[in-house]
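I have a structure I would like to understand better, so I am pasting it below and will then ask my questions one at a time.
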Amino acid sequence: MAERGNSLRTRILKYRQGGFTTLYCIDYLDDALWNPGFSAAIIAHKKETLLQIFYIIKRAYENLPAVIKPTVRQDTNTSYKFEKSYDGQPLDSEIYVAMKLRGGTVQALHVTERAHIEGAASQELEAGSKQAVPLTGRVSEETTANGMGQYFDAFMDARDNKNPGKLDYKAFFYAWHEHTEYTLPGTIDKYTPADLELKKIVSEVYNGKELTDGQILWYRWKSKDITTDEDYQGLTPEQLMKQENPSTLLEAFQSGMGNVFDLSKLEKMKPIEPILVTKNGIKIYKKPVKGGEYVLGGDPSGGYASDKSALSIWERKSKEQVAQWVGLASADDVAEIAKIMCTIYNMAFAGIENNIQSLILFFSKIYDHYYSIIVEDERTKRRIKKIGFNTNSKTRDPLIDGFIKELDDDALIINSAYTLKEMKTFVKKENGKREHADGKNDDALFADFIAVKMFNHWRPYGRAAGGGAIKIKTSENPMGLKPSPIKVTDGNEMQGPDFWEIVKHGTRKNGTIE
């Protein structure tokens with residue numbers, strides 16, 4: 001309670017049997033005993049737990065000293081309504097357990113196993129029950145994880161909010177090894193590979209914390225003892241153990257799918273805030289430097305009615321992500337955005353997935369520094385140029401593996417919170433395919449995959465025949481980099497740091513900007 005302070009909205013992700021439901025039952029009962037007109041509700045995630053939860057409240061009330069026990073006007077299997085306080089003063093307060101609120105206002109609402117309330121029940125909770133709590137009231141949620149669904153997004157958004165307001169949710173995570181009773185007597189003569197991996201994960205995420213032999217013995221025992229019920233169908237004992245008794249935050253959300261990326265490594269990676277965000281959404285993390293060797297990776301979509309398109313710029317020598325754009329736009333607009341980003345970063349070498357032919361063709365007409373290969377046409381036997389990177393059954397796995405190898409070697413500097421978020425939900429499905437978890441996305445991640453692939457294909461920018469360096473005209477400023485119009489009237493070429501000055505300040509040396 002002390003850790004959560006005076007926050008009015010809290011989300012708690014925890015290990016099984018952590019005692020948080022009991023804590024809130026007692027806390028809200030205490031409020032109902034002493035505050036006239038107070039109303040509190042505990043929401044259960046399934047009907048079978050209603051009586052179990054209320055028994056906590058009932059047992060606490062029945063064991064109160066008679067001198068402070070209030071009189072009860074209503075006593076049911078799931079509710080108390082108190083009539084008068086111990087000294088005879090009107091109390092008219094209540095506390096009850098239900099699947100949803102009964103109507104009226106409640107000053108305190110606690111939701112148990114929130115991640116397991118789904119579908120229509122979840123919609124009712126958000127649109128109905130929670131709306132019955134006034135702005136000055138309290139809402140708390142506690143739960144074990146349940147895969148990467150709706151609650152995953154809500155919890156991670158709260159956790160990533162570094163400056164929450166009083167009505168914003170604050171997120172708290174409690175791992176099994178924080179419970180002082182989760183230990184067994186004994187010592188270990190020789191650690192198993194699983195023991196060593198467990199110790200390594202906890203040490204890395206918790207700043208060198210060392211698990212005791214007693215804690216490891218408890219974890220071994222619990223892993224064998226754990227069982228499943230209807231809430232956890234499809235999970236192996238190992239997956240269930242990680243979900244019910246997670247060692248780290250991200251481990252809790254693994255559920256029935258294996259994460260492609262090392263979650264303990266992702267836990268330690270911290271994104272940075274962009275130093276500039278353009279009007280239409282280009283996020284600049286690092287400004288271009290003279291001599292920097294930049295590549296762009298692109299994963300375009302079919303337009304406004306489909307998935308988002310994504311573009312990502314990396315510096316190949318430092319292997320650092322320096323800019324990103326993710327959004328819904330037409331093929332032509334995505335091509336224009338890619339051109340602008342490449343121009344900012346020293347005429348970056350662009351590798352764009354060629355799944356949208358209209359985009360690839362338009363991009364090749366307005367920009368001339370891109371990835372292509374020469375292939376033989378099966379029908380005519382003529383050699384033709386294929387523009388863009390083709391992601392298919394042969395290239396997809398090597399593309400992903402190349403990124404993973406660089407990450408495992410600690411070579412990549414990932415600055416985007418969006419990329420890290422997609423990495424956390426990039427999983428290996430039961431059919432063996434590596435892709436986003438159900439309901440998640442991997443567009444930005446594939447743009448990064450392709451960008452890293454371009455490290456080995458980069459070449460210095462040189463004018464193509466009939467091409468030349470890019471000149472920016474008013475019509476070529478779709479991103480709103482600075483208040484339009486921006487027009488170069490001296491006709492000089494500009495790129496890299498010079499173009500950055502226009503992006504940042506709207507001015508450029510040796511030229512006139514109108």
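Each value in this text was obtained by applying a stated rule to the coordinates, not by laboratory testing. These figures come from a predicted structure and were not determined experimentally. Quick reminder, even Gly has a Cβ in these numbers, built from the backbone with ideal geometry, and neighbours come from all protein chains shown.
Please work out the FRET efficiency for the pair residue 220 and residue 74, using the Cβ-Cβ distance as r and a Förster radius of 35 Å; give the result to the nearest 0.05. Can you show the working numbers first?
Values: r = 48 Å, r/R0 = 1.37.
With a Förster radius of 35 Å, E is 0.15.
Another question, then. How many Å³ per residue does the convex hull of the Cα positions in the chain occupy?
Value for the chain: 196 Å³ per residue.
Something else about it: What does the extension gain come out to for residue 238 and residue 394, with contour length at 0.36 nm per residue minus their alpha carbon separation?
53.0 nm
Check residue 84: other-chain or 5+ apart residues with amide H under 5 Å from its amide H, H built from backbone geometry?
Amide H neighbours of residue 84, under 5 Å, 5+ apart: 71, 91, 92.
Sticking with this one: Using the Cα atoms of region 276-456 to build a convex hull, what is its mean projected area in square nanometres?
About 11.3 nm², averaged over all directions.
Follow-up question, since we're still on this one. Among the aspartates and glutamates, which fall within straight-line cross-link reach of residue 381, defined as a Cα-Cα distance under 15 Å, with same-chain neighbours fewer than 8 residues apart omitted?
Leaving aside aspartates and glutamates fewer than 8 places away in the same chain, none come within reach of residue 381.
Over all directions, what mean area does the Cα convex hull of region 105-186 project, stated in square nanometres? Walk me through the numbers on the way to the answer.
Values: hull surface 29.2 nm².
Computing the convex hull of the Cα atoms and averaging its projections yields 7.3 nm².
Among the listed pairs 170/319; 170/440; 270/405, which have their C-alpha atoms separated by more than 27 angstrom in this model?
On the way: 170/319 34 Å; 170/440 23 Å; 270/405 19 Å.
As for pairs spanning more than 27 Å Cα to Cα, those are 170/319.
Please work out the FRET efficiency for the pair residue 206 and residue 405, using the Cβ-Cβ distance as r and a Förster radius of 35 Å; give the result to the nearest 0.05.
Working from the Cβ atoms, E equals 0.85.
When the Cα atoms of region 32-127 are enclosed in a convex hull and the volume is divided per residue, what value in Å³ results?
Numbers: hull volume 8.8 nm³, N = 96.
Measuring per residue, one finds 91 Å³ for the Cα hull of region 32-127.
Tell me, what HN-Hα J-couplings in whole Hz come from the Karplus equation 6.51 cos²θ - 1.76 cosθ + 1.60 at θ = phi - 60° for each residue of region 167-184, using x for Gly and Pro?
Values, residue by residue: 9, 7, 6, 9, 9, 9, 10, 10, 7, 4, 6, 8, 7, 5, 8, 7, 7, 10 Hz.
Quick query: amide H of residue 276 versus all other amide H atoms, modeled in the peptide plane; which residues come in under 5 Å with a sequence gap of 5 or more or a different chain?
It is 284, by chain and number.
Go ahead and run the numbers for FRET between residue 181 and residue 268, Cβ-Cβ distance against an R0 of 22 Å, rounding to 0.05.
Efficiency, from the Cβ-Cβ distance: 0.20.
Hey, what do the phi angles of region 381-392 turn into as Karplus ³J(HN,Hα) couplings, whole Hz, using 6.51/-1.76/1.60 and θ = phi - 60°, x for Gly and Pro?
Calculated HN-Hα couplings, in order: 6, 8, 7, 10, 8, 9, 8, x, 9, 9, 8, 9 Hz.
Ok, one more. Please list, in order along region 413-424, the HN-Hα scalar couplings obtained from phi with the Karplus expression 6.51 cos²θ - 1.76 cosθ + 1.60 (θ = phi - 60°), rounded to whole Hz, x for Gly and Pro.
10, 9, 9, 8, 5, 5, 4, 4, 5, 5, 5, 6
What are the residues whose amide H is under 5 Å from the amide H of residue 372, where those residues sit 5 or more places off or on another chain and H is modelled from the backbone?
388
As a check on your grasp of the helix formula, calculate [θ] at 222 nm for the chain: sum -39500 (n - 2.57) over DSSP H runs of n ≥ 4, divide by the residue count, round to the nearest 500.
So the helix-based figure for the chain works out to -9000 deg cm²/dmol.
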